[in-house]
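Reading through the structure tokens given below for one structure.
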Amino acid sequence: MLQMDKVFDIHKIWAYSITSIMAFFEPLWVLMLWFFIFIACDFVTGISASIKERKIITSNKMSRTIKKLMMYSMVIVLVHAIDKDMIIWVDLGLARICATIICGIELYSILENCYRLTGNYVFKVLTQFVLKKANNELGVEIKEDDLQKKKK
């Protein structure tokens, strides 16, 4: 009978652990879903533009998308931990802010790829608009050259 009590305790520990982990990640699923969508769109438009321009697509370039996805996920989870467990006296919404910045940068890249694909000047104007809006709203100067360097 003593053995059965230990088994039930282990099941309770597992159940509590899994529930705690799910509760921690629950507020993040929408944010992460959105930046997964933005990264996927950037990947598809980037590959399409490279094919149109007859550029060589290598596994090294494709692996950067996986690395980017992992790094973005790590940042969102860690910032959420700071927001939820370390700075508990005020809700700063750091995970939402970081996810918005990530999606904004990905949107810039998607618009740039759409311009490369279509040559439609509307996408160039939208690219410049997103960059200008980000500079104004974030209070950080983002230069077009800096965004170009990240792709190389």
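The values are calculated or read from the model by the stated rules, or taken from the named source; none is laboratory data. Just so you know, these numbers come straight off a predicted model, no measurement behind them. No Cβ is skipped: glycine too gets one built from the backbone with ideal geometry, and neighbour counts run over all protein chains shown.
Quick notes on this structure:
- Hey, F24 surrounded by 12 or more Cβ atoms within 10 Å (Cβ to Cβ), outside any loop (DSSP other than H, G, I, E, B) and modelled with pLDDT of 90 or more or not: no
- Some residue of the stretch 40-60 being aliphatic (A, V, I, L, M), farther than 23 Å from A134 by Cα, at pLDDT 85 or above and under 20 Å from the mean Cα position of the chain (by Cα): yes
- Just one of (1) more than 30 Å from G139 (Cβ to Cβ); (2) surrounded by 13 or more Cβ atoms within 10 Å (Cβ to Cβ); (3) without any contact (Cβ under 8 Å) to a residue 24 or more places away in the chain; (4) among the polar types (S, T, N, Q) fails for N60. It is (2).
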